[in-house]
Structures are given as C-alpha cells and as structure tokens.
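Trainee: Got a structure for you, questions after.
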Amino acid sequence: MAQFTCEICGAGFEQKSRYERHMLTSHPQQAISAADIEKALKGVEFPKTHSELVNTLSDDDREVRAIIQQLPAKEYRDAAELARAFGELRTHEKAPDNQPSKTGGERAMEAPSAARFASLFAGITFPANREQLINHAGSKASENEMQILKQFGNHHYQSMADITQELKKVD
C-alpha cells in the first residue's frame, strides 16, 4: 500500500520525493492573478494606501498579501491602478505612462464636467445670460469653473443643452 496519496487524482507513491514531484508536475499551484487580487479586495473602498491594502486582507489571503506587500508603497486610486502595479511587478516592465486609464482619468479631473455644471445651475430659470449664470453659480463654483463661465458667450442660454454646447466650445 502506498504511503503517500495524491488528494487530487488518487495516485499513490511509496516515496515522498516522488509524491512531491508528482504534485509539482501534475498539479502545479496556480499563480496569483489580478482577478485573484480583485476578488480578495472585493468591497474595498478606494483610494487606499499600500499599508491599508495589506491590512485589509485576512489571514486566508496570505498569498495575495505577500504579492501586495511587494507592490510600491503609494496610494492606489482604484483597482485598475492596483492591477497595473501588479502587472509591472509580474513582467518586470514599467507600463507606459500614457495608458488610457491613467491619462483619461487625469484629463477627466481637469476637464469641465457637464454634470458638474448642471449641478451648479440647479434651480436656475431659463433663458439666462452669462451674467445670470455666473451669479447663480456664485460660491458653489470653483475658481476654475468661474473662469470657464467668464469665457461663455454673452447671449441667452435656453437650457442646459445650450450650456453643454458652450462648454465644448470653451474647453
């Protein structure tokens, strides 16, 4: 009777070294993937610092924790940025800085948002001219948003659709 039995396929071995070789060659342990990391961090609210991510993981996730500990110590904005750092760790290559998720996110933070401007003008009565828009936005608008409003044409805006069109022109 075999002393060592494979729990996966039931093969039996008299020698421990043959059992271990069988496990390594026939049933190799799967490498941790970005999906495994995402699953382990399910429900985590971003942004999170490196140490907060490590501390979030339970003892059951020690393999994922070991990988996250190897990642750069910085604040991660979202799961995509974490996956990017993981990819750089696995490939030993720095990902280009012009990736859409990074540059698009930065541009989106700088660009005037139609939704943000819609919130500035909640409750305004149309038609409204540029000065009425500026007065209505008042203290709710940031300095940058006020600068954008001052670039608007001095005519009457009939609806938020007109304001959205004007945002495209001044952007």
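Read-outs throughout are calculated quantities, based only on the coordinates presented, and are distinct from any laboratory measurement. Note that the structure is a prediction, hence the values are computed from the model and not measured. A quick note on method: Cβ atoms are made from the backbone with ideal geometry, for glycine too, and the neighbour counts reach across all protein chains shown.
Trainee: Could you work out the local net charge near Arg130, counting Lys and Arg as +1, Asp and Glu as -1, over the other residues with Cβ closer than 12 Å to its Cβ?
Mentor: Every neighbour counted, the sum reads -2.
Trainee: Explain nothing, just the number: dipole magnitude of the chain about its Cα centre with +1 on each Lys and Arg Cβ and -1 on each Asp and Glu Cβ, in debye rounded to the nearest 20.
Mentor: In debye, rounded to 20, the chain gives about 200.
Trainee: With springs only between Cα atoms under 10 Å, which of Gln158, Gln30, Gln69 fluctuates most in a Gaussian network model of the chain?
Mentor: Comparing Gln158, Gln30, Gln69 in the GNM, the peak value goes to Gln30.
Trainee: What does the convex hull of the Cα atoms come to per residue for segment 34-97, in Å³?
Mentor: Hull volume normalised by residue count: 80 Å³.
Trainee: Placing one identical point scatterer on every Cα of the chain and ignoring solvent, what is log10 I(q)/I(0) from the Debye formula at q = 0.10 Å⁻¹?
Mentor: -0.65
Trainee: I've got another one for you. Counting each DSSP H run of 4 or more residues in the chain as -39500 (n - 2.57), what helix-only mean residue ellipticity at 222 nm follows after dividing by all residues, to the nearest 500 deg cm²/dmol?
Mentor: Helix contribution divided over all residues of the chain: -15500 deg cm²/dmol.
Trainee: Give me Thr164, Thr49, Thr91 sorted ascending by neighbouring Cβ count inside 10 Å, so fewest comes first.
Mentor: Result, fewest neighbours first: Thr91, Thr49, Thr164.
Trainee: Given a Förster distance of 35 Å, report the FRET efficiency between Ala11 and Ala35 from their Cβ-Cβ distance, rounded to the nearest 0.05.
Mentor: Step by step, r from the Cβ atoms, then E = 0.75.
Trainee: Which residues does the label zone of Arg90 cover in segment 60-82, counting backbone N under 16 Å from a point 7 Å along Cα→Cβ?
Mentor: 63-72, 79-82
Trainee: If you average the C-alpha positions of segment 122-154 and of segment 10-47 separately, how far apart do those two centres end up, in angstrom?
Mentor: 58
Trainee: Could you check the simple spin-label distance between Ala122 and Asp59, using points 7 Å along Cα→Cβ, in nm with one decimal?
Mentor: With each label point 7 Å from Cα toward Cβ, the separation is 4.7 nm.
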